[in-house]
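Read the figures in this text as sums done on the coordinates, not as results from a lab. Remember, it's a predicted structure, so these values are computed and weren't measured experimentally. Note that each Cβ is placed from the backbone with ideal geometry, even for glycine, and that neighbours are counted across all protein chains shown.
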Amino acid sequence: MQEDTFDLQTIDRELGWAAELGMNVARVYLHDLLWFHDHRGFLARIEQYLAAADRHGIRTMFVLFDSCWHPEPALGPQPQPAPGVHNSGWVQSPGVAALSDPAQHPRLQAYVQDIITAFGQDARVLAWDIWNEPDNGPQVDGCKPAVLAAKAALVAPLLVDAFRWARDCNPSQPLTSAIWLGDWSDHDLLSPIQRLQTANSDVITFHSYGTANAFRKRVRWLRIFGRPILCTEFMARSTGSTFEAILPVAKEQKVGAFCWGLVLGRTQTHLPWKAPKKQKKASEVWFHDVLHPDGKPHLAHEAAFLRKITGRMNAAA
């Protein structure tokens, strides 16, 4: 939502495509630097986005902080995507400098509280995702336990603060932060940061890029918390996490599910997380993403399945 690249016409068009497939919620990442640079303009652009989403019957889960990909965000023109690289331009919020500097935390508090004060009673907002994968990032090489622990130790105090800052604004919407790694079959198996996430979340959220059986198992593990459950990331075709495999299980289990990706674009998330040793042909099945830039489905059978399972096909008949 940077002013120079905020394209409401494209946003509105793509939200319409999402609604046509039966999607009714979008998960949207915000960034603290955009608010810090121009908080009034940033709030105005959020309002414009929400109005467009609402016209299409789509509610929104906003993500306030994120630990994935590049740790040194900067304002202004962003680098062009690196050819053949998944999400080569995605940046963290806050960046490592702000994360590591307690003197910058008051501005992070102001960011959280200004956003939630503005939209915390807004019915167009479904929930607040306080922190996306707080123990992730480029430092997490192969998810080695020691590296994960070091990352989590840096983030954990600010994660707890961020939940508190948000809750102090008394929003009508629930707060959450999704867990994504490991075995959750027993509370003692949760990592320290996962315990903080689940303890502070009003609704339990998780990420799953595995098969239908893995998805069902994770839902079963999370029932112990006795709270509503949402999967806020799934759908990576080559790992078995497809719409056809996962959505029937989510429907059966009464679990909401957010796919990763909609329209092929600068993020290049149609490519796998790690670049293949051999260049794949353009005709091969995408990793994430659903639609071409002109709105044409990547897989026609997939779009038809989405319309059927969401009831959109019946509504249009």
Dividing the helical contributions, -39500 (n - 2.57) per DSSP H run of n ≥ 4, by the residues of the chain yields a 222 nm value, nearest 500 deg cm²/dmol, of -12500 deg cm²/dmol
For the pairs Lys254/Lys308; Lys151/Lys254; Lys217/Lys296; Lys217/Lys274, flag any whose C-alpha to C-alpha distance is greater than 22 Å. Lys151/Lys254; Lys217/Lys296; Lys217/Lys274
Work from the charge dipole of the range 3-316 (Cβ charges, +1 for Lys and Arg, -1 for Asp and Glu, about the Cα centre) and give the residue of Gly76, Leu8, His187 farthest towards its positive end. His187
Can you give me the distance in nm between label points at Ala153 and Ser172, each placed 7 Å from the Cα along the Cα-to-Cβ direction? 4.4 nm
Go through (1) 54, 46, 43; (2) 58, 39, 37; (3) 74, 48, 35 and flag the label whose value is the computed Cα extents along the principal axes in Å for this structure. (1)
Could you order peptides 9-18, 112-121 by the average number of other Cβ atoms within 10 Å of their residues, highest first? 112-121, 9-18
Got a sec? Charge dipole of the chain, +1 on Cβ for Lys and Arg, -1 for Asp and Glu; which of Leu299, Leu50, Ser177 is way out at the positive end? Leu299
Need one number: % antiparallel among DSSP beta bridges in the chain, to the nearest 5. 10 percent
Fewest Cβ neighbours within 10 Å first, please rank Lys254, Lys308 accordingly. Lys254, Lys308
Using unit Cβ charges (K, R positive; D, E negative) and no other charged atoms, how large, in debye to the nearest 20, is the dipole of the range 3-316 about its Cα centre? 1120 debye
Across Glu233, Glu20, Glu252, the residue with the highest GNM fluctuation in the chain (Cα network, 10 Å cutoff) is Glu252
List the residues, sorted by chain then number, that are 5 or more residues from Val290 or on another chain and whose placed amide H is less than 5 Å from its amide H. Leu262, Val263, Leu264
Estimated FRET transfer efficiency (Ile224, Leu8; beta-carbon r; R0 41 Å; 0.05): 0.45
Please identify, among Trp221, Trp35, Trp260, the residue showing maximal mean-square fluctuation in a Gaussian network model of the chain using a 10 angstrom Cα cutoff. Trp221
